[in-house]
Amino acid sequence: MVKGTTKAPGRYEIRLAGEGGQGLILAGVILAEAAAIYDGKNAAQTQSYGPEARGGASKSEVVISEGEIDYPKVIEADLLLAMSQEACDKYYHNLKRDGILIVDSVNVSRVPTSKAYRVPITRLAEEATGRRLVANVVSLGVIVGLTGIVSRQAIEAAVSARAPRGTKELNLRALEAGFRAAEELKAQVTG
Amino acid sequence: MTAQFMQGNTACAEGALVAGCRFFAGYPITPSSEIAEILSYRLPALGGKFIQMEDEIASLAAVIGASVGGMKAMTATSGPGFSLMQENIGYAAMTEIPCVIVNVQRTGPSTGLPTSPAQGDVMQSRWGTHGDHPIIVLSPSSVMETFRLTVTAFNFSEKYRTPVILLMDEVVAHMREKVDLPAPEQVEVVDRIQTNVPPEWYFPYEETASDVPPLVSFGQGFRYHITGLFHDVRGFPTERLDEIQPWLKRVFAKINNNLSDILMYEEEDTRGARTVVLAYGSTARSARHAVRLARARRHKAGFCKLLTIWPFPEEAVERLAHTAKRIVVPEMNLGQLALEVERVAGRHKVRRVNRADGEMITPQQILEAIEG
């Protein structure tokens, strides 16, 4: 066995996991696009899902790096977003020791560590916009708010660019709700 | 152009358009569907044609027909559809009609794992259709390479009057990366050779100095015949011994005499390397990652990526095998291109790294093979 990590330094790996239909692949695309196009870094986004049109496990992976990205998948996640219990159970073991776990507390009740960020992402989406559909964009606000892995301007620009016609304001409200949740979480930790 | 964040399948569609493709016939199948989807609206906007056919057999038949009509034509599919296309790949090879077939590999056999990557069609892409025939198969490992090799696939197909297969895999097809596509006018595009003789002097299968006879489109007043039977210079069926094998030798020669043009591969740190990792497609990304890690750990490791996998770059591999102690061949199958490497380098020099469960080979797996 090869000892130690095979991950290159300066590489940040994000795994967004849940069920088909939760918009996780699009969330990964937006996050990676924010890093690659609007922040000028390198990013690769890959995905894995079953043959079902809806439901079934779905995951989206984003690797962000200052350098070239060869292997485009997650080796050892720096951040895991779990939008379903199954995703949380399945991928927690592959989170780095000091990695960040964010769970949608609406869907995930059994959390494997006390250090997890529990955020009612789906409920926040409904409260902020009236639509659960934008939970993926709320999660982007939480992720960027907690980690700063891309700049706020970059994620706002990427969300705006990918929002379907007539939904830009709605999506930016969802993003803002995620940022607010992240601020509250950070205040609790430091407070 | 400016930087775009683009998927491999999109880059393939864009590459086809830049290469001059104006006809697509296909049947959607994961993980290639985006290519058809994009071309279904991009082609009509450019005055081209898009047809969703009843199946993959008809798809390639339509592509071949369009090509004889003078259009650059393409289809895109995956495993099960690629199996159905084999018959018409042979027809295109036999009739020397240019066309591009994109096969985005997923895990097989049969319906397999429709959404998961594999590299299990390497041998099928070479010998899937029956009979001796030449073929060119290119395999990209990034979104940018997908764009570039799609253009090259069209260029080779037109230049050598042969079907060309772009052998992608699900990772490259669905992965998104930043690309900066060149402006269309900066891309070299090759068109098929036309004739300057009058119609009555034209022979579509005539021996020429380049071994590639000109191809005149149907409908231009040139009368000739096309058949899947062995044929004479006019295209009519023949059973003459002095026409059958010479034809076969010519169609092999048109590829084999141009290997310096057709064979594409990239090497890094192979000079003085004890171990060379030789890879293609998305696995080349895991391989390069592993080689960089190995070199950081002071192993004398080198990396070679094949962009052309058929014809197989024998001389390059022979040269690598001459200097390296070992060649590691990672593939998302149970050992296909490794058979060719073993043939050239000798079995004792080759270490296979295989995985066929629908997941990418990790850098760690390859690193273990380098260090072990």
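Annotations for the structure displayed:
- Ellipsoid semi-axes for chain B, based on the Cα gyration tensor and the rule √(5λ), read 35, 24, 18 Å when sorted largest first.
- Cα-projected label distance for B:E318 with B:A183, points at 7 Å along beta-carbon direction, nm: 4.4 nm
- Mean Kyte hydropathy of -0.5 or more with a Cα span along the axis of at least 27 Å, helices from DSSP in chain A: A:168-190
- GNM top mover of B:H225, B:H348, B:H174 - chain B, alpha-carbon springs below 10 Å: B:H348
- The angle between the Cα long axis of helix B:143-160 and the main principal axis of chain B comes to about 40°, on a 0 to 90 degree scale.
- R0 of 22 Å, Cβ-Cβ distance B:E206-B:D132: FRET efficiency to nearest 0.05: 0.60
- Secondary structure note: in chain A, about 60% of the DSSP beta bridges are antiparallel.
- Within 10 Å of each Cβ in B:166-179, the average number of Cβ atoms from other chains: 4
- The orientation-averaged shadow of the Cα convex hull for region B:266-371, equal to a quarter of the hull surface, comes to 5.7 nm².
- Cross-link pairs beyond the 27 Å C-alpha cut-off, checked among A:K41/A:K168; B:K249/B:K325; A:K73/A:K186: B:K249/B:K325; A:K73/A:K186
- Placing +1 on the Cβ of every Lys and Arg and -1 on the Cβ of every Asp and Glu, with nothing else charged, gives region B:1-112 a dipole about its Cα centre of roughly 260 debye.
- Residue-averaged [θ]222 nm for the protein assembly as shown, counting only DSSP H segments that reach four residues, each worth -39500 (n - 2.57): -12000 deg cm²/dmol
- Taking B:I57, B:I255 and counting other C-beta atoms within 10 Å, the order from fewest to most: B:I57, B:I255
- D_trans [Stokes-Einstein, Kirkwood Rh over alpha-carbon pairs] for chain A, 20 °C, 1.002 mPa s, µm² s⁻¹: 130 µm²/s
- Computed from the Cβ-Cβ distance with R0 of 56 Å, the FRET efficiency linking A:E76 to B:M53 stands at 0.80.
- Student exercise, the protein assembly as shown dipole from Lys, Arg, Asp, Glu Cβ charges, in Debye to nearest 20: 1680 debye
- Rounded tilt (10° steps) of B:33-45 against the dominant C-alpha axis of chain B: 40 degrees
- For B:K49, residues with placed amide H under 5 Å, excluding near neighbours: B:F23, B:F24
- Remark: spin-label model distance B:E37-A:E176 equals 3.1 nm, labels positioned 7 Å along the Cα→Cβ axis.
- Residue order, fewest to most surrounding Cβ atoms within 10 angstrom, among B:W127, B:W310: B:W127, B:W310
- Near-label residues of region B:193-235 by backbone N, under 20 Å of a point 7 Å along Cα→Cβ of B:L241: B:230-233
- Cα centroid separation - region B:308-354 against region B:19-79, whole Å: 34 Å
- Projecting the Cα positions of B:M71, A:S139, B:A11 onto the charge dipole of the protein assembly as shown (unit charges on Cβ atoms of Lys, Arg, Asp and Glu, taken about the Cα centre) puts A:S139 furthest along the positive direction.
- Sorting B:M144, B:M332 from the fewest to the most surrounding beta carbons within 10 angstrom yields B:M144, B:M332.
- In chain B, a dipole from Cβ-located charges (positive for Lys and Arg, negative for Asp and Glu) runs towards its positive end, and of B:G112, B:S282, B:I370 it is B:I370 whose Cα lies farthest in that direction.
- Inter-part distance where region A:5-75 and region B:133-207 are each reduced to a Cα centre, Å: 31 Å
- Anisotropy class of region B:4-186 from Cα gyration tensor, a/c 1.5 cut: rounded
- Considering every alpha-carbon pair of the protein assembly as shown, the percent of pairs per 10 Å bin, from zero through the bin containing the longest distance, is 4, 17, 25, 24, 17, 9, 4, 1, 0, 0.
- Between 0 and 90°, nearest 10: helix B:314-323 axis offset from chain B longest Cα axis: 20 degrees
- Residue list for region A:142-162, given a label point 7 angstrom along the Cα-to-Cβ vector of A:V189 and an amide N cut-off under 18 Å: A:142-152
All of the numbers you see were taken from the coordinates with simple rules; none came from a lab. Not measured: the values here are computed from a predicted model. Glycine gets a Cβ as well: all are built from the backbone with ideal geometry, and neighbour counts include every protein chain shown.
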